[in-house]
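Visitor: This is the structure I want to talk about, given as structure tokens.
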Amino acid sequence: MFKRLYAQYKPQCMWGQSTGMTKALAPEIKDRYKVLYSAYTFAEKAANPKENPYLFLPGPTYVEQFGVVLKYIAKEKPGANIAFFYSDTEFGREPIPAGREMCKKLGLNLVAEEISKVGGVDISTQILDMKRKKVDYCIFQGFVTTPIQTVIKQSKDYGLKCQFMGTFWSTEKHLLDQLGPQASEYMGVTAYSYYYQDEFPMIRKIRAWTKKHHPKFADYRSQAYMQVFMGTTLFIESLRRADKKGTITGDSLAKALASIKNFDVGGLMPPVTMKNNSIPVGRIVRGNSKTVKFDAVSDWIYLD
């Protein structure tokens, strides 16, 4: 697909489909195509300008998301007992080694690592292990919904009392729909303001444009949509800066992207500063079982 589109249109910027696609294309983008590229991923592969100068993330990497969550926990409950609950996939495993080191640096006790298949339903063993180890916070990674809602619902039956948290792809409305009255027991980290947070000017613009051009989606736009919107905003700003310097090439676009500092995006995120081709900032949110929305419970948390 990428090669066909490139041959037909010769784009200078490209949005890709997934982590797998990004990793597969990375060598050719670096050595042959030299286009500014991002995708539906937060993998660290796309946030390494020395290795992949044309790849970037319009938000925090999975490792940085873990950093935001753990930094929040360390402030709320110093010395807390932590469990990582992750899928046996590359997506699930990616931030775990760095997460272990972060726990040590932040004075948190990583007492359990629970592994499950995506969509797994038999999770009683993991729940009982976390109960035995007196886990205070359980952090999910590598899932979108199942088995998150199953773990939360069954934990009540087994007497496990801890705070459940997740990363970007599991801080979406459809998980709250499945949690129902237990939605308020779930927290997570997100990179962007939500579609219903119309106190922000960029969100108001997105809502107005959607209502006019795509009315069937006027009720809700997902966080994945916000990721693409943020990525496209950075494409445009990089093109503007490169053009102002006189030439638009892969190298000039990469240089322009790296120059972005304190860039106002109308509240979609806080003012954006690119660091090593990612944006290491996030906000902690909590599910609301009455509104079936996520409410912010922290300000934006930056990583050093």
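The values are calculated or read from the model by the stated rules, or taken from the named source; none is laboratory data. Predicted model, so just to flag it, every value in this text is computed and none were measured. Using ideal geometry, Cβ is built from the backbone for each residue, glycine included, and neighbour counts are taken over all protein chains shown.
Visitor: In the range 184-192, is there at least one residue being in a strand (DSSP E or B) and of a type in the set (Phe, Trp, Tyr)?
Guide: yes
Visitor: Residues of the range 181-201 being more than 19 Å from the chain's Cα centre (by Cα) and not polar (S, T, N, Q), which ones?
Guide: Pro181, Ala183, Glu185, Asp198, Glu199, Phe200, Pro201
Visitor: Just to check your reading of the model, which residue among Tyr192, Tyr196 is at pLDDT 95 or above, surrounded by fewer than 17 Cβ atoms within 10 Å (Cβ to Cβ) and of a type outside the set (D, E, K, R)?
Guide: Residue meeting the stated conditions: Tyr196.
Visitor: When both residues are 6+ apart or on different chains and their Cβ atoms are under 6 Å apart, which pairs have a first residue that lies in the range 3-23 and is surrounded by 13 or more Cβ atoms within 10 Å (Cβ to Cβ), and a second that is basic (Lys, Arg)?
Guide: Pairs found: Lys23/Lys45.
Visitor: Exactly one of these conditions fails for Gly188: (1) touching a residue at least 60 places away in the same chain (Cβ under 8 Å); (2) in contact with a strand residue (DSSP E or B) (Cβ under 6 Å, 6 or more places away or on another chain); (3) more than 30 Å from Val151 (Cβ to Cβ). Give me its number.
Guide: (3)
Visitor: Do any strands (runs of 3 or more DSSP E) lying entirely in the range 64-179 carry at least 1 residues that are charged (D, E, K, R), more than 25 Å from Met21 (Cα to Cα) and without any contact (Cβ under 8 Å) to a residue 60 or more places away in the chain, and which ones are they?
Guide: 109-116
Visitor: Right, here's the next one. Here is a check on your reading of the model: is Ala74 crowded, with 23+ Cβ neighbours inside 10 Å, touching a helix residue (DSSP H, G or I) at 6+ places or on another chain (Cβ under 8 Å) and among the aliphatic types (A, V, I, L, M)?
Guide: In short, no.
Visitor: Now for a different question. For the range 255-262, check the following and say yes or no: at least one residue is at pLDDT 95 or above, assigned to a loop (DSSP other than H, G, I, E, B), closer than 23 Å to Ala43 by Cβ and not acidic (Asp, Glu).
Guide: Yes, the range 255-262 contains a residue that is at pLDDT 95 or above, assigned to a loop (DSSP other than H, G, I, E, B), closer than 23 Å to Ala43 by Cβ and not acidic (Asp, Glu).
Visitor: Still on this structure, please answer the following. Considering only the range 1-40, state which residues are polar (S, T, N, Q) and part of a helix (DSSP H, G or I).
Guide: If the condition is that a residue be polar (S, T, N, Q) and part of a helix (DSSP H, G or I), then Gln8, Thr19, Thr22 are the ones that fit.
Visitor: Being touching a helix residue (DSSP H, G or I) at 6+ places or on another chain (Cβ under 9 Å), buried (at least 17 other Cβ atoms within 10 Å of the Cβ) and of a type in the set (Val, Ile, Thr), is that true of even one residue in the range 78-86?
Guide: yes
Visitor: Name the single residue, out of those in the range 264-287 being assigned to a strand (DSSP E or B) and within 18 Å of Asp304 (Cα to Cα), that is nearest to the chain's Cα centre (by Cα).
Guide: Gly282
Visitor: Can you pull out every residue in the range 87-134 that is surrounded by fewer than 18 Cβ atoms within 10 Å (Cβ to Cβ), within 19 Å of Thr167 (Cβ to Cβ) and aliphatic (A, V, I, L, M)?
Guide: Matches in the range 87-134: Ala98, Leu106, Ile115, Val118.
Visitor: For Val35, are the conditions met, namely being under 20 Å from Gly282 (Cβ atoms) and aliphatic (A, V, I, L, M)?
Guide: It is false that Val35 is under 20 Å from Gly282 (Cβ atoms) and aliphatic (A, V, I, L, M).
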